[in-house]
Amino acid sequence: MTSERTDEDDLRTATQQAVDATATAYTEDASIDLEDTLRREMAQRGMALDDDSWVREVARAVRSGHHVSFQPAPADEEPTTPGSLGGDNGGA
């Protein structure tokens, strides 16, 4: 059985890469503007962000040291909604 990648898979992967790059940049220099960096990383991957609350939520999670994941949860874990931070995101 083969598994075909979908546009949603590509979107999740690109989003994860952008968030990971942003988190790494923040680890190296905590004075960066996380929201701006996240928008730039997303734009470099062909995605424009028009949801300011999403950007603030992800930036808050990164600042708090939470791992932000957009990959599907394993079958034995409770799934998160698409685009959610997943896991414990501080009740947001």
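The values are calculated or read from the model by the stated rules, or taken from the named source; none is laboratory data. This is a predicted model, so every value here is computed, not measured. Please note: Cβ atoms are built from the backbone with ideal geometry, for glycine as well, and neighbour counts cover all protein chains shown.
Please go through the stretch 14-56 and give me each residue that is of a type outside the set (A, V, I, L, M, F, W, C), touching a Lys or Arg at 6+ places or on another chain (Cβ under 7 Å) and within 13 Å of VAL68 (Cβ to Cβ), ordered by number.
Kept after step one, since they are of a type outside the set (A, V, I, L, M, F, W, C), are these residues of the stretch 14-56: 15-17, 20, 22, 24, 26-29, 31, 33, 35-37, 39-41, 44-46, 50-53, 56.
Adding the requirement that they be touching a Lys or Arg at 6+ places or on another chain (Cβ under 7 Å) leaves 17, 35.
The answer is GLN17, and nothing else.
Taking the conditions exactly as written (in contact (Cβ under 8 Å) with a residue 60 or more places away in the chain, out of contact with any helix residue (DSSP H, G or I) (no Cβ under 9 Å at 6 or more places or on another chain) and of a type in the set (D, E, K, R)), does GLU8 satisfy them or not? Lay out the reasoning, then the answer.
Values: in contact (Cβ under 8 Å) with a residue 60 or more places away in the chain: yes; out of contact with any helix residue (DSSP H, G or I) (no Cβ under 9 Å at 6 or more places or on another chain): yes; of a type in the set (D, E, K, R): yes.
In short, yes.
Determine whether the stretch 28-35 contains at least one residue that is modelled with pLDDT of 90 or more and on the phi > 0 side of the Ramachandran plot.
In the first step, residues of the stretch 28-35 are kept if they are modelled with pLDDT of 90 or more; the result is 28-35.
Now drop any that are not on the phi > 0 side of the Ramachandran plot, which leaves none.
Checking the stretch 28-35: not a single residue is modelled with pLDDT of 90 or more and on the phi > 0 side of the Ramachandran plot.
Report the residue count in the stretch 36-64 for those that are of a type in the set (D, E, K, R), farther than 15 Å from GLN17 by Cα and touching a residue at least 24 places away in the same chain (Cβ under 8 Å). First the steps, then the outcome.
Within the stretch 36-64, the first condition is being of a type in the set (D, E, K, R), and the residues that meet it are 36, 39-41, 45, 50-52, 56-57, 60, 63.
Those left that are additionally farther than 15 Å from GLN17 by Cα: 36, 50-52, 56-57, 60, 63.
Filter once more, so that each one left must be touching a residue at least 24 places away in the same chain (Cβ under 8 Å): 57, 60, 63.
Matching residues across the stretch 36-64 total 3.
How many of the residues making up the stretch 36-60 are more than 12 Å from the chain's Cα centre (by Cα), surrounded by fewer than 17 Cβ atoms within 10 Å (Cβ to Cβ) and not in a loop (DSSP other than H, G, I, E, B)?
Number satisfying all stated conditions: 6.
Using the structure shown, decide if ALA14 is modelled with pLDDT of 95 or more and surrounded by 16 or more Cβ atoms within 10 Å (Cβ to Cβ). Break it down stepwise before answering.
Values: modelled with pLDDT of 95 or more: no; surrounded by 16 or more Cβ atoms within 10 Å (Cβ to Cβ): yes.
No.
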